[in-house]
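One structure is given below, encoded as structure tokens.
Laboratory data are not the source of any read-out in this text; all were calculated from the coordinates shown. None of these values were measured; they are calculated from a predicted model.
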Amino acid sequence: MNILIKRKSKILLVVLMAFALLFSCKKILNPDVIDIPTEGNAITSAADVEKAISAAYSFLRYVVPDKVFLMGDMRADAFSSYSQSSNTKIETTIATNTIAPLTNNGGGNWNDFYKVIAQCNLILEKIPQISTYDEATKKRHIGEASFIRGLTYFYLTRFWGDVPLNLKSINLDNIPRAPKADVFKQINADLDVAIANLQLSYAADDIAVRATKGAAWAIKAHVMGWMQDYSSCEKLCDSVITRGPYTLVADTNNLVSIFIGKTKEGIFELNFDANAREVQKNRVYNRTLGRPWYKDQSDGGGGTEKFILSPTTAQMNQMFIPGTKDARRFTWFVKEAYGKPFQVGKDIFNNDATSGSRYYLGKYRTLQLKGDTSSQNINESNIIITRLSDILLLRAEALASNSVNRPAEAITLLNRVRARAYAKPYTSGGDLQDTILLERKKELIGEGQYFFDLVRTRKLAKYSKITAANWYETGAWLLPIDQTIIAKSNFVITQNDFWK
């Protein structure tokens with residue numbers, strides 16, 4: 001049984017955000033592709049490539065928010081429902097690492113990631129066939145397509161481990177799962193192409209929302225950290241910090257501007273802009289914000305506090321020790337009591353059924369101007385993939401590692417992030433590596449980083465509900481693969497061992 005990808009023969013006259021199918025795939029990868037135009041005059045000019053790359057970003061914007069928030073934050077036990085036992089939504093028990101909540105929330109389905117990859121494959125195949133091409137534009141297009149493909153495969157292998165490795169837009173053969181080592185080899189090759197071809201900056205409108213050399217450095221730094229090559233990770237982070245055009249947002253009272261998007265702190269983010277018809281409903285937004293932002297109760301999201309995902313009092317106190325100063329407690333989080341604003345000076349944070357008080361993750365509370373709050377399809381905050389504070393703390397982690405062992409430099413970077421939040425500088429005491437990990441949680445919560453952090457640092461059993469001592473060796477950290485994907489592959493695809 002083969003993967004059959006059929007070409008469409010007519011141009012679909014739709015706006016960029018509409019999904020036009022270039023391929024129809026009925027087997028393993030199922031890479032439906034957005035592409036304007038399609039085969040009739042497919043990608044014969046630089047302008048066509050520009051549209052095709054925009055479509056690749058669109059596919060990435062479609063798949064990443066839900067997957068990364070639910071499997072990167074909820075699975076790491078950073079958020080809880082109002083009740084863990086009654087009136088719950090399907091997301092509530094993700095942190096228990098049981099198969100039903102994972103698969104019911106898309107944790108077994110990789111198809112949308114392969115749509116992104118198929119689009120990038122098509123672009124990279126077509127570019128060499130275009131005879132008239134400005135060299136600078138050509139290099140940028142090659143770099144962007146390579147960057148997006150490398151990033152997408154990085155998500156895939158962090159979620160599922162061994163995954164099919166397909167570098168062609170059309171492939172008529174069954175594709176088994178490739179070993180992780182082969183996938184990482186391709187990821188690094190793609191990111192190296194991106195680094196070689198992309199510039200550090202482009203037009204102001206493209207800040208952070210299109211790939212740059214700095215974004216490729218940052219993602220490759222994460223790849224090196226994931227592979228436990230902290231020496232290479234540290235050097236790549238240093239390139240981002242010292243050679244990139246990035247600076248921390250200085251106004252501590254306006255940190256939400258980071259998520260409005262396109263700040264000097266942003267390295268790579270997914271753009272959501274109502275003017276570009278990019279507004280989207282997803283569970284990053286409608287599961288972390290309730291009233292007064294959203295009023296729609298149709299799916300149990302905004303408008304009813306019972307289904308909001310937010311840290312409990314205990315989870316908040318684990319991050320922000322009561323009595324200590326940290327501005328992120330009041331900038332990342334908004335305190336409401338059933339829609340009534342929190343009153344400064346009355347620091348009573350409850351999260352129980354009697355008081356009805358809730359924390360809201362407020363990072364993504366930027367709504368479309370004059371938007372209809374009866375609909376949840378109104379949020380235009382950007383989804384951050386990586387920003388400068390992430391890379392500062394990743395470099396601190398690398399410097400504090402046993403293999404690099406330069407703790408004084410690590411502390412300097414740690415305190416640079418803490419200083420913006422007016423948090424007390426770290427001097428000594430405790431475990432420096434754990435301190436940096438906690439700082440990453442405080443700084444990046446809700447950005448889909450924490451579960452990956454726990455796996456990378458091998459701290460999953462210590463700080464999550466996945467507590468078995470052999471969690472890494474058994475693959476408890478990997479996601480299961482949908483049985484439909486396995487069956488459609490004629491069982492060429494096999495299940496991850498932990499989930500058999």
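Numbers for the structure displayed
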{"read-out": "Cut-off under 5 Å, modelled amide H: who pairs with residue 261 long-range", "value": "382"}
{"read-out": "Cα-Cα over 22 Å, subset of 138/213; 51/115; 281/363; 67/185; 126/168; 67/180", "value": "67/185"}
